[in-house]
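Asker: Attaching a single structure in structure tokens format; questions to follow.
The values are calculated or read from the model by the stated rules, or taken from the named source; none is laboratory data. A quick note: this is a predicted structure, and the numbers were derived from the prediction, not measured. Cβ placement follows ideal geometry from the backbone for every residue including glycine, while neighbour counts extend to all protein chains displayed.
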Amino acid sequence: MKKTDVKRQVSEAISACQEKQAEEITILELEQGSGAFTDYFVVCSGNNPRQVQAISDEVEERLEKAGQRPTHIEGYKQAEWVLLDYVDFVVHVFSEKARKFYDLERLWKSAKRLTPSELGKTKRAATRSVAKKRA
């Protein structure tokens, strides 16, 4: 799949998380050669099991409308850590307690952290904005 298509789908997943008031949304861009099995992690938290499931449901529904189905889902019934695997990216929806315990951001500390707005930027666009500031 093209990198732009993956970024678009990750952006759609992030929008779904935001729609259901997910907290602390983080995007990790995993480096090649790090042993990672995917390109991106989307990590977020819900305040209770019902919200964790609602966030997961919204991600799944939105991406299914875009023609993308998860290859694997884990943890939905327990709603402590729901994992939605889309091969090129993985969405992790945690309870606050589970997120602190597993601390994926620390575990994958070599990954580049992105904000939702940074995800859509290309290197060319970033270069243009630097050139404008210098002019």
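Asker: Scan region 82-92 for residues that are under 16 Å from Glu58 (Cα atoms) and assigned to a loop (DSSP other than H, G, I, E, B) and jot them down.
Answerer: Tyr86, the sole residue that qualifies.
Asker: To continue, here is another question. Looking only at region 58-81, filter to residues that are free of Cβ contacts under 8 Å to residues at least 12 places away in the same chain and in a helix (DSSP H, G or I); which one of those is surrounded by the most Cβ atoms within 10 Å (Cβ to Cβ)?
Answerer: Among residues in region 58-81 that are free of Cβ contacts under 8 Å to residues at least 12 places away in the same chain and in a helix (DSSP H, G or I), the one surrounded by the most Cβ atoms within 10 Å (Cβ to Cβ) is Glu64.
Asker: Cβ-Cβ distance below 9 Å, separation of 6 or more or different chains: which pairs start in region 11-36 with a residue that is buried (at least 19 other Cβ atoms within 10 Å of the Cβ) and end on one that is modelled with pLDDT of 95 or more and part of a loop (DSSP other than H, G, I, E, B)?
Answerer: Partner pairs satisfying both residue conditions: Ala13/Tyr86; Ile14/Ala22; Ala16/Ala22.
Asker: Give the residues of region 48-57 that are of a type outside the set (Ser, Thr, Tyr) and assigned to a helix (DSSP H, G or I), sorted by residue number. If you could, list the steps in order and put the result at the bottom.
Answerer: Filtering region 48-57 for residues of a type outside the set (Ser, Thr, Tyr) gives 48-55, 57.
Matches in region 48-57: Pro49, Arg50, Gln51, Val52, Gln53, Ala54, Ile55, Asp57.
Asker: Right, another one. Looking at region 54-99, which of its residues are within 16 Å of Ile27 (Cα to Cα) and at pLDDT below 95?
Answerer: Val87, Asp88
Asker: Here's another thing I want to ask about it. Return the residues of region 93-116 that are hydrophobic (A, V, I, L, M, F, W, C) and either closer than 16 Å to Cys17 by Cα or outside any helix (DSSP H, G or I) (or both); say none if nothing qualifies.
Answerer: Initial filter on region 93-116 (hydrophobic (A, V, I, L, M, F, W, C)): 93-94, 98, 101, 104, 107-108, 111, 114.
Val93, Phe94, Trp108, Ala111, Leu114 - these are the residues of region 93-116 that are hydrophobic (A, V, I, L, M, F, W, C) and either closer than 16 Å to Cys17 by Cα or outside any helix (DSSP H, G or I) (or both).
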